[in-house]
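*Asks:* Sharing a structure with you now.
The values are calculated or read from the model by the stated rules, or taken from the named source; none is laboratory data. Because the structure is a prediction, the values reported are computed rather than measured. Note that we place each Cβ from the backbone using ideal geometry, even for glycine, and neighbour counts take in every protein chain shown. For the accessible areas, the whole protein counts, side chains as well, though only heavy atoms, and no ligand, DNA or RNA atoms are used. Shrake-Rupley method; radii C 1.70, N 1.55, O 1.52, S 1.80 Å.
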Amino acid sequence: MMLDEYRRRRDCLHEWLTADPRIRCSKPAGAFYLFPDVSGILRAGGFTSTQQFAEVLLDEARVAVTPGEAFGAPGFVRLSYATSMENLREGSRRLLQFIEARVSHSVIR
């Protein structure tokens, strides 16, 4: 039952985030987190690292992500979906709003 619930959370979070073409993310087969590529967002938003991005995101939008540098993957952030669907929806809304405010509207490749 929990496996189905985590799959549902994964799918919803992935759908919400990748609705913004500036966020690139593969859907994991077996984990409880997404690891989206935000390298284009970093450049366009004037961030020097995902560490800086994560700090400003937490300060301004109250959304916690783990910087990819912690995993040897600069340009990526880790987002856990081991929380309620309501928290995921609100967190993704805030993250997308933060990106919208900080980054130009152009598609980043």
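*Asks:* Per residue, how much accessible area does the chain show when a 1.4 Å probe rolls over the protein heavy atoms, in square angstrom?
*Replies:* Here the residues of the chain average 57 Å² of exposed surface.
*Asks:* I've got another one for you. Tell me, what ³J(HN,Hα) does each residue in the range 65-78 have, in order and in whole Hz, if you take phi through Karplus 6.51 cos²θ - 1.76 cosθ + 1.60 with θ = phi - 60° and put x for Gly and Pro?
*Replies:* Calculated HN-Hα couplings, in order: 10, 9, x, x, 4, 5, 10, x, 10, x, x, 10, 10, 10 Hz.
*Asks:* Hey, how much of the P(r) for the range 24-75 falls beyond 13 Å, as a percent of Cα pairs?
*Replies:* 60 percent
*Asks:* So which chymotrypsin sites (Phe, Trp or Tyr not before Pro) in the range 9-109 pass both tests, a DSSP loop state and at most 14 other Cβ atoms within 10 Å of the Cβ?
*Replies:* 32
*Asks:* Now for a separate question. Amide H of residue 78: which non-local residues (sequence gap of 5 or more, or other chain) have their own amide H closer than 5 Å, using H built in the peptide plane?
*Replies:* Long-range HN contacts for residue 78: 66, 68.
*Asks:* Another question about this same structure. Take the alpha-carbon positions of the range 9-108, form their convex hull, and give its projected area averaged over all directions (one quarter of the hull surface) in nm².
*Replies:* 5.6 nm²
*Asks:* Would you calculate a helix-derived [θ] at 222 nm for the chain, using -39,500 (n - 2.57) for each DSSP H run of n ≥ 4 and dividing by the full residue count, to the nearest 500?
*Replies:* About -16000 deg cm²/dmol.
*Asks:* Given the C-alpha centroids of the range 50-76 and the range 12-45, what is the distance between them in whole angstrom?
*Replies:* Using only Cα atoms, the two centres lie 13 Å from each other.
*Asks:* Quick check: at a probe of 1.4 Å, how many percent of the accessible area of the chain sits on carbon and sulfur atoms?
*Replies:* Solvent-exposed carbon and sulfur of the chain make up 53 percent of the total.
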